[in-house]
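The values are calculated or read from the model by the stated rules, or taken from the named source; none is laboratory data. Owing to the predicted nature of the structure, the values given are computational and were not obtained by experimental measurement. Virtual Cβ from ideal backbone geometry, glycine too; neighbours counted across all protein chains shown. Remember, those area values only see protein heavy atoms, side chains included, never the ligands or the DNA or RNA. Shrake-Rupley method; radii C 1.70, N 1.55, O 1.52, S 1.80 Å.
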Amino acid sequence: MTHCAILPLLDDDEREFALGDYEGATARWCPGCGDHSILTAVEKLLVAEQLKPEQTVFVSGIGCSSRFPHYLKTYGFHGLHGRALPVATGVKLHRPDLDVFVVMGDGDCCSIGAAHWIHAIRYNIHMVAMLLDNSIYGLTKKQTSPTTPQGFKTNTQPFGSFLPPLNPLTTTLGTTNVSFVAQTAEWVPAHLYATLRAAYHHPGFSFVRILQRCPMYTQGMYEEAVKNPGSIELLIHDDGVVAPELDKIYKNRATHDPSDLDSARRLAEDSTRIRLGLFYRNKGRARYDLLRKPPKVTSSERIALLNQELDHYAV
Ligand code: SF4
């Protein structure tokens, strides 16, 4: 399904965009759902960067979080389960002038869409990919997802999830040509916003895992982390995610240079604590969108070539 807003055709560069210019339909997520605060952070980013609504595209797959494009007055594509990344790739390759954001859930990205995820990392096309990770299939009512913690009871594995969860950070950091990996949490809005801003400014494929509460089906999963900021370790560095507002509250910090991939992998592998921050950034990675050389033919020339080719099969 696609949708688009009717946007005023003003002579543009004089325009100044306010929050209302980006607000779409009223969000219908459950009360207390972490998706609400992610939407707020994204809207704040759009205002801060003054992104033109008609030059901005949000692409999603299927899941609770994938309703995102409906709630913004930009262009949007609410597509098929697991297929947000190929759609976003097509958009960006054909319209490199657009700002492209991808919104995926954990089932969407890490299960049915996992092959697309791996190749999107390697292709390193300029876009922001957000993984809204609530560790459950919420839309289909509490089924085990790839990131559900082992032993957590769900409707598909009522005696507890059998397997250790997939780690989206180590998967991303282990993929060839990775260029930007960060983790943040929706209940730390200043960190969430600073992370999204850093991701937006990265010239390549930015992958941001956002830990997200689902009060409907994973109630209490992050209760300790929310109540006790000391249980979270912030990764800090001058080149990392900078959110001075957190200095007085989040005092458990570790210095991590985001150019150090080996260290990033070690930190991501260690599941003894929740770490928020920029794990890795490399602005020099190869980018498919810059390297590819599409044939310079018009649409009508392409159709003529296709017809010529098909004529070989005429009987
Ligand atoms: Fe949010 Fe969970 Fe409700 Fe889905 S089911 S809208 S993830 S609280």
Quiz item: Is there a residue being more than 22 Å from the chain's Cα centre (by Cα), surrounded by fewer than 22 Cβ atoms within 10 Å (Cβ to Cβ), of a type outside the set (G, A, S) and part of a loop (DSSP other than H, G, I, E, B) anywhere in region 163-180?
Solution: yes
Self-check item: Meets criteria (of a type outside the set (D, E) and touching a residue at least 40 places away in the same chain (Cβ under 8 Å)) for L261
Solution: yes
Quiz item: List, please: which pairs have Cβ atoms under 7 Å, are six or more places apart or on different chains, and start with a residue in region 207-221 that is aromatic (F, W, Y) and end with one that is within 11 Å of the ligand (Cβ to nearest atom) and assigned to a loop (DSSP other than H, G, I, E, B)?
Solution: Y217/I136; Y217/G138; Y217/K142
Quiz item: Does L46 meet the test of being within 19 Å of K92 (Cα to Cα), in contact (Cβ under 8 Å) with a residue 24 or more places away in the chain, more than 16 Å from the ligand (Cβ to nearest atom) and assigned to a loop (DSSP other than H, G, I, E, B)?
Solution: no
Quiz item: Scanning region 277-309 for residues that are in contact (Cβ under 8 Å) with a residue 40 or more places away in the chain and in a helix (DSSP H, G or I), which turns out most open to solvent (accessible area, probe 1.4 Å)?
Solution: Y288
Quiz item: Applying the selection to region 214-224, what residues are within 16 Å of the ligand (Cβ to nearest atom) and surrounded by fewer than 18 Cβ atoms within 10 Å (Cβ to Cβ)?
Solution: P215, M216, Q219, G220, E223
Quiz item: Just wondering, is there one or more residues in region 265-274 that are open to solvent by less than 100 Å² (accessible area, probe 1.4 Å), modelled with pLDDT under 90 and either part of a loop (DSSP other than H, G, I, E, B) or touching a strand residue (DSSP E or B) at 6+ places or on another chain (Cβ under 9 Å) (or both)?
Solution: no
Quiz item: Is there any pair linking a residue in region 16-28 that is over 15 Å from A41 (Cα atoms) to one that is open to solvent by 50 Å² or more (accessible area, probe 1.4 Å), with Cβ under 6 Å and at least six apart or on different chains, and which?
Solution: F17/Q50
Quiz item: When you go through (1) farther than 22 Å from A88 by Cβ; (2) in a helix (DSSP H, G or I); (3) within 11 Å of the ligand (Cβ to nearest atom); (4) among the small types (G, A, S) one by one for G32, which number turns out not to apply?
Solution: (2)
Practice problem: Go through the residues of region 225-241 one by one and say whether even a single one is open to solvent by 10 Å² or more (accessible area, probe 1.4 Å), at pLDDT 95 or above and within 16 Å of the ligand (Cβ to nearest atom). | Solution: yes
Self-check item: Residue check, L211 away from the ligand (no atom under 16 Å from the Cβ), closer than 29 Å to T176 by Cα and crowded, with 20+ Cβ neighbours inside 10 Å
Solution: no
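Are there strands (runs of 3 or more DSSP E) fully within region 49-160 with at least 1 residues that are open to solvent by less than 60 Å² (accessible area, probe 1.4 Å) and under 20 Å from T184 (Cα atoms)? List them.
56-60, 99-105, 127-133
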